[in-house]
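Quick notes on the structure that follows.
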């Protein structure tokens, strides 16, 4: 067994977010700098955490489909493809992390992720990367549920009146 230290490990940044009051949105999770390199991690929260009856977590199949289509879109988007480090699901199945080279605000990327949502909502045909050669769990996809989740998120991102700020983490 590997020990980190004799003391209790530091709580990581994502565990410091108030998941009771967190709602769907687009948040800067963290900005990290190492030498001359800066990366921004975004929290694309699609589902209100811990609200299993009203707003249940996404299915793994829906998450998997959003991951495949979202990553395909982002890594092919002119002007952004070289900035995308990672796009993938949160283990709690309430959203996604997107990690980009550079320092950004949510306003800087709001259009990028809104366009990604529209890309997923309008997708027709086979989901990219869904063969046994390309993916470790290729049959586990649900395009219909992925489209519904992204449409719901996009409605929130474009709403003119909300009772919370979908771009600022709750305090």
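The values are calculated or read from the model by the stated rules, or taken from the named source; none is laboratory data. Model, not experiment: these values are computed from the prediction. Heads up, the Cβs are rebuilt from the backbone with ideal geometry, glycines too, and the neighbour counts pull from every protein chain shown.
Looking only at the range 35-66, residues that are within 22 Å of residue 137 (Cβ to Cβ) and touching a helix residue (DSSP H, G or I) at 6+ places or on another chain (Cβ under 9 Å) come to 12 in all.
Within the range 97-108, one or more residues are surrounded by 13 or more Cβ atoms within 10 Å (Cβ to Cβ) and free of Cβ contacts under 8 Å to residues at least 24 places away in the same chain. Annotation note: of 117, 145, 149, the sole residue that is in a helix (DSSP H, G or I), surrounded by 14 or more Cβ atoms within 10 Å (Cβ to Cβ), under 15 Å from the mean Cα position of the chain (by Cα) and in contact (Cβ under 8 Å) with a residue 60 or more places away in the chain is 149. Restricting attention to the range 130-142, the residues that are surrounded by fewer than 16 Cβ atoms within 10 Å (Cβ to Cβ) and either touching a strand residue (DSSP E or B) at 6+ places or on another chain (Cβ under 6 Å) or in contact (Cβ under 8 Å) with a residue 24 or more places away in the chain (or both) add up to 2. For the range 1-113, the strands (runs of 3 or more DSSP E) that sit wholly inside it and include 2 or more residues that are at pLDDT 95 or above and over 17 Å from the mean Cα position of the chain (by Cα) are 25-34, 37-45.
A residue that is in contact (Cβ under 8 Å) with a residue 24 or more places away in the chain, touching a strand residue (DSSP E or B) at 6+ places or on another chain (Cβ under 6 Å), farther than 18 Å from residue 22 by Cβ and buried (at least 19 other Cβ atoms within 10 Å of the Cβ) cannot be found anywhere in the range 79-92. Based on this model, can you work out whether residue 164 counts as touching a strand residue (DSSP E or B) at 6+ places or on another chain (Cβ under 9 Å), surrounded by fewer than 16 Cβ atoms within 10 Å (Cβ to Cβ) and farther than 20 Å from residue 22 by Cβ? Against the criterion (touching a strand residue (DSSP E or B) at 6+ places or on another chain (Cβ under 9 Å), surrounded by fewer than 16 Cβ atoms within 10 Å (Cβ to Cβ) and farther than 20 Å from residue 22 by Cβ), residue 164 does not qualify.
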